[in-house]
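Written out below as structure tokens is the structure these notes cover.
Laboratory data are not the source of any read-out in this text; all were calculated from the coordinates shown. As the structure is a computational prediction, the values presented were derived from the model and not from experiment. Every residue, glycine among them, receives a Cβ derived from its backbone with ideal geometry; neighbour counts consider all protein chains shown.
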Amino acid sequence: MSDRTSPVPIVCGFDLGGTKLGGIAVEPDGTEPIVEDRRPTPSGSDELVAAVVELRDSLLDGAASAVGGPVELVAAGLGAPGLVDRSGTLRYGPNLPGVVDAPLASLLREALGVPVVVDNDATCAAWAEHERGAARGANHSITITLGTGIGAGITVKGEVLRGAHGFAGEPGHMVVDPHGPLCPCGRRGCWERYGSGSGLGRLAREAVEAGRGARLLELAGGDVERVRGELVSQAAAEGDAEAIEVVRRFAWWVALGIANLVNILDSELVVIGGGLVDAGDVLLDPVRAAYQELVMGADHREPVPIVPAALGSRAGAWGAALLAMARLEV
């Protein structure tokens with residue numbers, strides 16, 4: 001039986017993605033999450049708030065079991081994909097249908113009954129990597145998250161760059177081909193149409209339709225529409241030459257965006273996060289090679305390491321919790 005007489009304070013961090021809502025529970029001075037859990041991403045603001053409340057309950061139950069006594073939520077943070085302003089309102093999220101101009105911070109404060117910070121999801125991931133992960137010690141870094149779309153968080157002189165309105169760090173929607181495929185944001189040829197998990201899946205389906213992806217089609221059960229990015233990574237890891245070629249083409253597009261960002265920001269380090277980083281050097285090696293060909297003056301500037309994120313899929317939730325702690329002085 002536990003001898004704890006007062007609740008253990010807990011901060012929850014939530015990471016809202018295009019397909020899943022993840023969460024962690026951590027003590028304010030903790031170095032590792034006590035517990036983590038996830039739910040499918042809901043549609044609509046009300047449904048999102050309800051899902052966060054449900055996930056909060058699950059996390060606190062798990063934390064209480066882990067610490068062997070009562071716990072108390074003292075603050076929470078949420079990372080959301082899209083344009084999040086300084087008030088914590090999600091103004092626009094192309095990959096979140098039904099969540100527009102949603103005052104998430106105020107809605108969650110009311111629902112959770114504690115102080116809440118809401119920021120861009122990639123900004124949260126970047127802060128987590130800066131504080132606890134691959135970008136620790138770097139003053140000027142970019143963390144790029146390759147998932148359903150592309151997000152990025154930027155640190156300058158050890159601080160998060162948010163811009164005038166809080167919207168900095170949306171390179172996924174810089175246009176790299178004005179005649180390219182339509183993006184959920186309404187424009188054509190955005191970088192994330194080529195360099196995200198969705199982009200990898202599209203490139204793979206094009207290869208299969210052209211007769212250059214027998215193993216990919218096999219892994220998809222013979223249905224070309226089921227060919228997704230994770231199947232490309234799997235086939236490439238097996239050594240399938242056609243899948244490796246798809247990865248090479250995809251890596252060129254990823255590197256193009258990275259080179260553009262380095263040309264603008266002159267960062268000292270680029271961290272690659274998101275689900276696609278699980279492919280490891282199968283993806284990162286061709287990205288690094290293509291970057292050297294695409295960045296301006298590669299032979300006349302300091303090398304910029306391109307490294308995998310250290311915190312994996314929990315980086316966004318970790319960063320949301322850390323920002324809540326820092327901003328709210330928990």
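Scattering from the C-alpha atoms of region 7-71 alone, worked out with Debye: what is log10 I(q)/I(0) at q = 0.14, 0.15, 0.18, 0.28 1/Å? Evaluating at q = 0.14, 0.15, 0.18, 0.28 Å⁻¹ gives log10 I(q)/I(0) of -0.39, -0.45, -0.61, -1.15. Considering Cα pairs under 8 angstrom that are at least six residues apart, work out the relative contact order of the chain and quote it in whole percent. Contact order relative to length: 19 percent.
Scaled to the globular estimate 2.2 N^0.38 Å, the Cα spread of the chain, given as radius of gyration, is 1.01. For the listed peptides 120-126, 258-264, 317-323, a ranking on the average number of other beta carbons within 10 Å per residue, highest first, reads 120-126, 317-323, 258-264. Restricting the calculation to Cα atoms, region 37-147 yields a radius of gyration followed by a Dmax of 15.2, 42 Å. Normalised Debye scattering of region 158-283 at q = 0.20 Å⁻¹ gives log10 I(q)/I(0) of -1.14, counting only Cα atoms as equal scatterers and leaving out solvent.
Based on DSSP H assignment, which helices of the chain show an axial Cα extent of at least 27 Å together with a mean Kyte-Doolittle hydropathy greater than or equal to 1.0?
Qualifying helices, which must be both long enough and hydrophobic enough, are 241-265.
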